[in-house]
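Student: Here it is: the structure, laid out below.
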Amino acid sequence: MEQYDEKPQPGDLLEIFRGTYQHWAIYVGDGYVVHLAPASEVPGAGANSMMSIVTNTAFVKKEELWKVVGDSNWKINNLLDKKYEPRPVYLIVRDALDLVGEELSYCVVRNNCEHFATLLRYGKNQSRQVRQFGEAAVLTGAFAFGVLGVTALLTTLLGSNKDKHKQ
């Protein structure tokens, strides 16, 4: 686990690195965070965390920061502060605490823990990791489509060339 000199302040976004994805939480003070968590979201879940892809609900939880982090690395990441004005801290914390215990709709693409945390901090639900994944998928798809296109073209050209040699 990484140690940090900087201590989170109420209203800060915390990014927790889970290997293949990041989990997000809002620091609410006194060593606690509020986060949106499907049942599979636990420290050290590993491959079991992939179950969050198929779930459609998650719970808003208030838990100790260290319980949520486990042995994962984490950092304070108020990623959109340069783009959006953060809401007043008292509103971020109040709204986060008001949601504790609620079961909310969950979708890994449209309503995940990062959407939840950025909505509380900025009033805008955004997910950088979904956007980055989408961009990577588009590039991968475009590359695969290009490879298939070139393969089809070569097959057509070489195939018609073989036909000419047979005649």
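Student: So which of Lys7/Lys67; Lys61/Lys82; Lys7/Lys62; Lys62/Lys82; Lys61/Lys83; Lys61/Lys124 end up more than 22 Å apart, counting from Cα to Cα?
Tutor: Beyond 22 Å: Lys61/Lys82; Lys62/Lys82; Lys61/Lys83.
Student: Taking neighbour Cβ counts within 10 Å as the exposure measure, how do Cys107, Cys113 sort from fewest upward?
Tutor: Exposure proxy ranking, most exposed first: Cys107, Cys113.
Student: In whole Hz and in residue order, list the ³J(HN,Hα) couplings for the stretch 21-33 that follow from phi through the Karplus curve 6.51 cos²θ - 1.76 cosθ + 1.60, θ = phi - 60°; x for Gly and Pro.
Tutor: Result, rounded to whole Hz: 8, 10, 9, 10, 8, 10, 7, 10, x, 6, x, 10, 10.
The numbers here are math on the coordinates, done by the rules we state, and not lab data. Everything numeric in this text was worked out from a predicted model, so none of it was measured. Cβ atoms come from the backbone with ideal geometry, glycine included; neighbour counts cover every protein chain shown.
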